[in-house]
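Presented below is the structure to which this report refers.
The values are calculated or read from the model by the stated rules, or taken from the named source; none is laboratory data. Quick caveat, the model's predicted, so the values are computed rather than measured. Quick reminder, even Gly has a Cβ in these numbers, built from the backbone with ideal geometry, and neighbours come from all protein chains shown. Only protein heavy atoms, including side chains, enter the accessible area calculation; ligands, DNA and RNA are left aside. Shrake-Rupley method; radii C 1.70, N 1.55, O 1.52, S 1.80 Å.
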Amino acid sequence: MEWTFSGTHTGVLLLPGGTEITGTGRRVVFPAAGAYTMGDDGVFASGRVYYDQLAFYRQTGCDLRLRRTV
């Protein structure tokens, strides 16, 4: 299944590495997709959701520049 997610960033965002970004109040819109499996009995067995994380981070104003340590 594919869809377009839209919403307002109001809560805490946990970045890779543990940094927390408080809500920015910015609107975000990005594509997403889900893959789901059903068991032989027709009951939902598992699912995964995929989305464009970079689009989300950019729209919330996150600074994602690479920092190198020597």
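Per residue, the chain exposes 81 Å² of solvent-accessible protein surface, assessed with a 1.4 angstrom probe and all protein chains in place.
The fraction of accessible area contributed by carbon and sulfur in the chain is 54 percent, rounded to a whole number (1.4 Å probe; ligands and nucleic acids excluded). Between the beta carbons of ASP63 and THR22, assuming R0 = 22 Å, the FRET efficiency works out to 0.95 to the nearest 0.05. Charged side chains reduced to their Cβ positions (Lys and Arg at +1, Asp and Glu at -1) give the chain a dipole of some 540 debye around its Cα centre. Out of every Cα-Cα pair that the chain contains, those further apart than 20 angstrom amount to 46 percent.
Distance between the modelled labels on VAL49 and TRP3, one decimal in nanometres: 0.8 nm (7 Å Cα→Cβ projection).
Its relative contact order, with pairs defined as Cα atoms under 8 Å and 6+ residues apart, puts the chain at 27 percent.
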